[in-house]
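Below: the structure, in structure tokens.
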Amino acid sequence: MGAGSKACEEEGRDDDAAFLSVVTSIRATADVTLLPPKDPLELYERSNLVEVLAKNGKFVEESLARDPLRFAALMDRVRDADLSIPANYDPGWIIGDGEKRTLYAEVIDGLRADKLAMESYVAMLVRDEVYFAAYLERVAMLADLPDDGGQLPERFDEVAKIMQARIDVLGDPPTEIAVPWRKVYKPGPNAPFTVLHRGFNGPVKSEALLFRSSAEVRQSWVGNALSQDELSQVLSQINFENELLGLYAVGEMPNATENFFVTEFGPQKDFDNHSIAVRVGVVGEHCGFEPSRSYPFVLVKASSQTVGGLDSLSRANYPDQCVSVMAGKPTLVVDSD
């Protein structure tokens, strides 16, 4: 589809190019998310895919978005496009253990709905003459910067304020999402790690640690955050002879949900260290929730004979649906210094 979009651009078929660009972005996101490659570095070797994913944050060209009839026709085409996949669909790479093909239809429909909502919002903004004039002025200022950078004019901040003032009148971007991200990030049965405990009474500040013995766990703040029964249950499920325990504490959150997941934990391939990645569900403002402080943390085990530390960390929030916001009191962390 990406090649088709380029061909349409070269032929001057702007509306067809825009259509193919939008649906290609939706399909590529679904493929990478639900059918991830066994070797993630393979994605970077595919220049066409990298180019498509790099355009995910871009929107329909302004002249098309400002034309109500052309834009409506484009949105209808995207809405009606068949983006389903056959049972034997091959994304073009060897799929890893994180495959979640069963979610494909639900996720791609959600991606499409969210994309349509954002495109419609941006189209509304660029049809506002005051906003659009300021936007064009900002684009021109950025284009005038030399390739090696430079100082933006004072007018740049004034233009930004004009644009924000119009957003204050026209409304903020949509925060409601259709993609069931909690299903996407929930570890599958083949995950190479096991979550042993999730709590919401961790420390105020974020922290990531590895534990290689029961004594290390008991002597840490974890020993105070968990009850004696919880701590005993966690430790009874891990064999420190060939397994290790990972900890990721997020820190203080005002809108975290219970849908807090580990998406990666264990020794890194070809490296003498470990990595951990977590995804934290948060409730959007459209849900009308009352902020509630919590301190999410997770304990997760994995097999490992690697002696290296926890050198690769990744944490990201994702928009969860409207569910209860978690609450908890922080656990005191005594400074070892």
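The values are calculated or read from the model by the stated rules, or taken from the named source; none is laboratory data. Being a predicted model, the structure only gives us computed values, none of them experimental. For neighbour counting, all protein chains shown are included, and Cβ atoms are generated from backbone atoms with ideal geometry for every residue, glycine included. Just the protein is used for accessible areas: all its heavy atoms, side chains included, with ligands, DNA and RNA removed. Shrake-Rupley method; radii C 1.70, N 1.55, O 1.52, S 1.80 Å.
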statement: Listed by first then second residue, the pairs whose first member lies in the stretch 257-273 and is under 14 Å from Leu244 (Cβ atoms), whose partner is open to solvent by 80 Å² or more (accessible area, probe 1.4 Å), with beta carbons under 7 Å and at least 6 positions apart or on separate chains, are Gly266/Pro192; Asp272/Val307; Asn273/Asp311
- prompt: Counting only residues that are over 17 Å from Val217 (Cβ atoms) and over 23 Å from the mean Cα position of the chain (by Cα), which one in the stretch 293-308 is most open to solvent (accessible area, probe 1.4 Å)?
  reply: Gln305
query: What's the number of the condition Ala87 fails, among (1) under 29 Å from the mean Cα position of the chain (by Cα); (2) surrounded by fewer than 15 Cβ atoms within 10 Å (Cβ to Cβ); (3) more than 28 Å from Phe19 (Cα to Cα)?
result: (3)
query: Counting just the residues of the stretch 213-254 that are in a helix (DSSP H, G or I) and under 20 Å from Pro187 (Cβ atoms), which one comes out nearest to the chain's Cα centre (by Cα)?
result: Val234
task: Could you run through the stretch 21-72 and say how many residues are open to solvent by less than 40 Å² (accessible area, probe 1.4 Å) and either at pLDDT below 80 or of a type in the set (A, V, I, L, M) (or both)?
output: 14
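Residues are listed down the side, and each one gets a yes or a no for (1) open to solvent by less than 40 Å² (accessible area, probe 1.4 Å); (2) part of a helix (DSSP H, G or I):
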| residue | (1), (2) |
| --- | --- |
| Asp148 | no, no |
| Gln151 | no, no |
| Glu158 | no, yes |
| Pro173 | no, no |
| Glu176 | no, no |
| Val179 | yes, no |
| Lys183 | no, yes |
| Leu196 | yes, no |
| Pro203 | yes, no |
- request: State yes or no: is Glu290 under 26 Å from Pro173 (Cα atoms) and surrounded by fewer than 17 Cβ atoms within 10 Å (Cβ to Cβ)?
  value: yes
task: Evaluate the following for Ser324: is it open to solvent by 40 Å² or more (accessible area, probe 1.4 Å), among the hydroxyl-bearing types (Ser, Thr, Tyr) and on the phi < 0 side of the Ramachandran plot?
output: yes
message: When you scan the stretch 206-219, do you find a residue that is more than 15 Å from Lys301 (Cβ to Cβ), open to solvent by less than 20 Å² (accessible area, probe 1.4 Å) and of a type in the set (A, V, I, L, M, F, W, C), even just one?
response: no
message: Going by what's in this entry, would Thr306 be described as at pLDDT 90 or above and either at positive phi or assigned to a loop (DSSP other than H, G, I, E, B) (or both)?
response: no
query: Which condition breaks for Thr102 when tested against (1) out of contact with any helix residue (DSSP H, G or I) (no Cβ under 7 Å at 6 or more places or on another chain); (2) among the hydroxyl-bearing types (Ser, Thr, Tyr); (3) surrounded by 16 or more Cβ atoms within 10 Å (Cβ to Cβ)?
result: (3)
Residues satisfying the stated conditions in the stretch 255-295, i.e. at positive phi and in a loop (DSSP other than H, G, I, E, B): Asp270, Gly288
message: Under 8 Å between Cβ atoms, which residue pairs at least 6 apart in sequence (or on different chains) link something in the stretch 25-45 that is free of Cβ contacts under 8 Å to residues at least 12 places away in the same chain with a partner that is β-branched (Val, Ile, Thr)?
response: Tyr44/Val50
